[in-house]
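The values are calculated or read from the model by the stated rules, or taken from the named source; none is laboratory data. Because the structure is a prediction, the values reported are computed rather than measured. Counting neighbours? That spans all protein chains shown, and the Cβs are built from the backbone with ideal geometry, glycine included.
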Ligand SMILES: Cc1ncc(COP(=O)(O)O)c(C=O)c1O
């Protein structure tokens, strides 16, 4: 697949320089077609019958396997969630933390992670997003490091595996801005979240949680999928593997859409995204203050971020503001062309 062929898959790119995959990736035609076909079939055959349920369960396993393969995990380590936020809450609830426990996180995390930390009951220790500061915050009471692999504010990467090894403390990795954007390997990470709707260009409310050792985390929010057998009291035998954490029924159309989105990626997806982000950094550095970063998000300062985002939108360039930071953020994906970048820089 060439870049031109790849771009032709995404209707939105016909009109817009769409640089917003850090929020929502663009939807490709094969993804939309797969979803539409599934919805039409639901309407015609009715959502009923053994065959229907078996097909849905099979679809779930196919998505689980595809997401596992993406990050070097085993399917049995993958729970199908609706978001990164879901994954973070599953982990923090399942660890049964108390006020004596500490979780170490950074000042640049998304609410999808820190909201779950706050609700966990543990003491949340917030430090600068620097490896040494994170390691120095660990005490004998630290039960968890909770870190983004790529910070949503700047695109800067944190050495999450190294921090896990250095501190010996289990790590919950927020993969919302890494999985699909840069190569990610779940091995050596205790928990890793995946957002399907961002860099994987999947449907809304799709995602996953990779759990290295599912049996060691309590099922704190059981859905029907949590059990392989249960008593009238609600006591249950957990299903094998991380499927016990599946928080609920994903619409079959979304499962089909996510599978199609994963199949649509070209082999060179990470190379092109990295090159586009590198080029954008270079172009912007001549004009504005660019925040240092390593991944496919490029953030730069502006005196009126909201105004600039609105002005760029009028020029057909989609970027976003990072509230409270004075930063505007552009997301470069494997579908991003040099013309998209020129359009952004030209409209500044
Ligand atoms: C770093 C980070 N974590 C979590 C989230 C929330 O993701 P989700 O909507 O999949 O819960 C985002 C979304 O922008 C994010 O950037």
Check: Taking segment 11-23 on its own, how many of its residues are within 14 Å of the ligand (Cβ to nearest atom) and surrounded by fewer than 19 Cβ atoms within 10 Å (Cβ to Cβ)?
Finding: 1
Notebook entry, point to check: Just to be sure, is residue 9 modelled with pLDDT of 95 or more, assigned by TED's automatic domain parsing to the domain that holds residue 335 and out of contact with any strand residue (DSSP E or B) (no Cβ under 8 Å at 6 or more places or on another chain)?
Noted result: yes
Check: In the set 205, 146, 186, which member is within 16 Å of the ligand (Cβ to nearest atom) and assigned to a loop (DSSP other than H, G, I, E, B)?
Finding: 205
Notebook entry, point to check: Across segment 149-163, what is the number of residues that are closer than 14 Å to residue 187 by Cα and near the ligand (Cβ under 10 Å from one of its atoms)?
Noted result: 1
Check: In this structure, does residue 181 turn out to be in contact (Cβ under 8 Å) with a residue 12 or more places away in the chain and either within 13 Å of the ligand (Cβ to nearest atom) or surrounded by fewer than 24 Cβ atoms within 10 Å (Cβ to Cβ) (or both)?
Finding: yes
Next item on the list: Tell me which residues, restricted to segment 272-296, are without any contact (Cβ under 8 Å) to a residue 40 or more places away in the chain, part of a loop (DSSP other than H, G, I, E, B) and out of contact with any helix residue (DSSP H, G or I) (no Cβ under 9 Å at 6 or more places or on another chain).
Entry: 289
Notebook entry, point to check: If a residue has to be under 20 Å from the mean Cα position of the chain (by Cα), farther than 19 Å from residue 8 by Cβ and not in a strand (DSSP E or B) to count, how many in segment 316-348 make the cut?
Noted result: 2
Notebook entry, point to check: Has segment 232-255 got any residue that is modelled with pLDDT of 95 or more and either within 11 Å of the ligand (Cβ to nearest atom) or within 30 Å of residue 325 (Cα to Cα) (or both)?
Noted result: no
Notebook entry, point to check: Within segment 116-132, can one find any residue that is at pLDDT 95 or above, crowded, with 23+ Cβ neighbours inside 10 Å and within 15 Å of the ligand (Cβ to nearest atom)?
Noted result: yes
